[in-house]
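This report concerns only the one structure given below.
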Amino acid sequence: MTISQAFDQLDRNLCVSMNTRTLISNRHNNIAKRVNYDFRGLSGSTSYTRYVGSYGRGTAIEGISDIDMLMVLPYDTYYRYNNYNYNGQSALLQAVKNSIKVTYPNTDLKGDGQIVQVSFSDGMMFEIVPCFLNNDGSYTYPDSNGGGSWLTTNPVPEIEAIKQMNADCNGNLYPLCRMTRAWKDEHSIDIKGYLVDLMAYRFLSNYEHRTKTSVYHDYMMRDFFLFLSEVSYTQASFRMPGSNRLYDNRGYFQSAAGKAYEAAVEAIAKDEKGYHYTAYNKWREILGNEFPYYQE
């Protein structure tokens, strides 16, 4: 098995498995059916929902624990809770939480801040944002903090921008995001998932080898580590492609990325000199145990 074949296997290992996708889909459908029945009077409907976050963007990896989900409610619900004298946003979150609790009475549920959180016993957690679809395609959603307010978000253009960049880059964006998540998880790197996707998008936008096949994935990973290591510590936020929304630059990942770059340089050099076993082990140190063992 060559290094490029090993990287292909790594990506297959990192992709969310069919069993996990089925589990996510079943839970999503159960939640959607209950809320649609209580808020729309629809029986058995899984409509009016959308996956967002890494799972919605297609950049999640197997073992994903947080599933972000928009649950679109009818606009008359907005008017009703907006007319509350105090914190109708909190009341709305509680109403959605109580609806879901009918389906999952023995599951840990919380309605606070901006989400309804459904924490399953196997560690998977759904974070559900009750929201209202606006004419411009954005969504209004509740924030119960500070007495309550309404905020807006527009994740669909972000999802579409990531999807388009992946197509423009010969399918390299999704694997890059997944491999970076593997590195993040293996070394407990302080970088948010949305920032991984944002940075990978920015990197590939100007990367001269962005349309190469997976034969180049070891070089792409090396060069992305260098890119991350050079991100300014002083830049407080970045704009997400598609929506142009500002996202906070939370975390300090540059030093760890620099070390990963040096390790990747060493791994590539060992492979080019024929020390394939050593190269494989080095990549496993960088990217974790989903990177395959060396095979003749």
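Note on the stretch 1-63: enclosed helices (runs of 4 or more DSSP H) holding 2 or more residues that are open to solvent by 60 Å² or more (accessible area, probe 1.4 Å) and under 28 Å from Tyr104 (Cα atoms) are 18-40. Please pick out the residue among Tyr201, Tyr194, Tyr207 that is buried (at least 17 other Cβ atoms within 10 Å of the Cβ), in contact with a strand residue (DSSP E or B) (Cβ under 8 Å, 6 or more places away or on another chain), more than 27 Å from Asn36 (Cβ to Cβ) and among the hydroxyl-bearing types (Ser, Thr, Tyr). Among Tyr201, Tyr194, Tyr207, only Tyr194 is buried (at least 17 other Cβ atoms within 10 Å of the Cβ), in contact with a strand residue (DSSP E or B) (Cβ under 8 Å, 6 or more places away or on another chain), more than 27 Å from Asn36 (Cβ to Cβ) and among the hydroxyl-bearing types (Ser, Thr, Tyr).
Within the stretch 238-247, one or more residues are open to solvent by 40 Å² or more (accessible area, probe 1.4 Å), under 28 Å from Pro155 (Cβ atoms), of a type in the set (S, T, N, Q) and not in a helix (DSSP H, G or I).
Looking only at residues of the stretch 50-107 that are of a type in the set (Lys, Arg) and more than 26 Å from Gly171 (Cβ to Cβ), we find that the one that is nearest to the chain's Cα centre (by Cα) is Lys97. Taking the conditions (1) surrounded by fewer than 19 Cβ atoms within 10 Å (Cβ to Cβ); (2) in a helix (DSSP H, G or I); (3) out of contact with any Gly (no Cβ under 9 Å at 6 or more places or on another chain); (4) modelled with pLDDT of 95 or more in turn, Lys163 satisfies each one other than (3).
The number of residues in the stretch 139-153 being among the small types (Gly, Ala, Ser) and either closer than 11 Å to Leu93 by Cβ or surrounded by 13 or more Cβ atoms within 10 Å (Cβ to Cβ) (or both) comes to 2. Taking Ile162, is it within 17 Å of Arg27 (Cα to Cα), touching a residue at least 60 places away in the same chain (Cβ under 8 Å) and either in contact with a helix residue (DSSP H, G or I) (Cβ under 8 Å, 6 or more places away or on another chain) or not hydrophobic (A, V, I, L, M, F, W, C) (or both)? In short, no. Of the residues making up the stretch 115-127, at least one is of a type in the set (A, V, I, L, M) and part of a loop (DSSP other than H, G, I, E, B). Residues that are crowded, with 17+ Cβ neighbours inside 10 Å, at pLDDT 95 or above and at positive phi: does the stretch 256-273 have at least one? Within the stretch 256-273, not a single residue is crowded, with 17+ Cβ neighbours inside 10 Å, at pLDDT 95 or above and at positive phi.
Apart from one condition, Gly171 fits all of (1) buried (at least 17 other Cβ atoms within 10 Å of the Cβ); (2) out of contact with any His (no Cβ under 9 Å at 6 or more places or on another chain); (3) closer than 20 Å to Val16 by Cβ; the exception is (1). So which residues in the stretch 174-222 are closer than 17 Å to Gly251 by Cα, outside any helix (DSSP H, G or I), out of contact with any Lys or Arg (no Cβ under 7 Å at 6 or more places or on another chain) and touching a residue at least 24 places away in the same chain (Cβ under 8 Å), if there are any at all? Those that are closer than 17 Å to Gly251 by Cα, outside any helix (DSSP H, G or I), out of contact with any Lys or Arg (no Cβ under 7 Å at 6 or more places or on another chain) and touching a residue at least 24 places away in the same chain (Cβ under 8 Å): Ile189, Asp190. Residues that are under 26 Å from Asn85 (Cβ atoms) and part of a loop (DSSP other than H, G, I, E, B) within the stretch 138-160 comprise Ser144, Gly148, listed in sequence order. Applying the selection to the stretch 121-138, what residues are surrounded by 15 or more Cβ atoms within 10 Å (Cβ to Cβ) and under 15 Å from Leu70 (Cβ atoms)? Within the stretch 121-138, Phe126, Glu127, Ile128, Val129, Pro130, Cys131, Phe132, Leu133, Ser138 qualify.
Scanning the stretch 210-229 for residues that are open to solvent by 50 Å² or more (accessible area, probe 1.4 Å) and aliphatic (A, V, I, L, M) returns Val215, Leu226.
Taken as a whole, the stretch 86-102 holds at least one residue that is at pLDDT below 95 and either in a strand (DSSP E or B) or in contact with a Gly (Cβ under 8 Å, 6 or more places away or on another chain) (or both). Is it the case that Ser232 is free of Cβ contacts under 8 Å to residues at least 24 places away in the same chain, open to solvent by 20 Å² or more (accessible area, probe 1.4 Å) and in contact with a Leu (Cβ under 6 Å, 6 or more places away or on another chain)? Judged against the criteria, Ser232 is not a match.
The values are calculated or read from the model by the stated rules, or taken from the named source; none is laboratory data. As the structure is a prediction and not an experimental result, all values here were calculated from the model. Cβ atoms come from the backbone with ideal geometry, glycine included; neighbour counts cover every protein chain shown. Ligands, DNA and RNA are stripped out before the accessible areas are found, and what is left, the full protein with its side chains, is counted by its heavy atoms. Shrake-Rupley method; radii C 1.70, N 1.55, O 1.52, S 1.80 Å.
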